[in-house]
């Protein structure tokens, strides 16, 4: 288990006229693995009352978001998606 970071694929089932129930369907050790499993479950799902989502601890989620943001700033895709934000001028 790398770095003890765990992603859970949660199934949400909403009973008619009742509250929702949740259950863990898969434990994954990377967000990519969790997304693949969630996608497979969604493709197989034939029930209208069932949906899936990912969950993890706050530190894992924030580290993933921050890493993705920093990567997009570094490779320039952030500025392509947000033209209202000017690219910084490189200092020589």
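Numbers for the structure displayed
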| item | result |
| --- | --- |
| Stretchable slack from residue 73 to residue 27, in nm (0.36 nm times residue separation minus alpha-carbon distance) | 13.5 nm |
| Length released on extending from residue 54 to residue 41, taking residue separation times 0.36 nm less the Cα-Cα span | 3.5 nm |
| Rounded to 10°, Cα long-axis angle of helix 31-44 versus longest principal axis of the chain | 40 |
| Region 2-81: C-alpha gyration tensor shape, a/c 1.5 cut-off, then a/b vs b/c | prolate |
| Crossing angle, helix 58-75 versus the chain [Cα axis fit, 0-90 degrees, rounded to tens] | 40 |
| Packing-based order for 35-41, 22-28, using average beta carbon neighbours within 10 Å, highest first | 35-41, 22-28 |
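Every number here is computed from the coordinates shown, using simple stated rules; none is lab data. These numbers come from a predicted model, not from an experiment. Cβ: placed from backbone, ideal geometry, glycine included. Neighbour counts: every protein chain shown.
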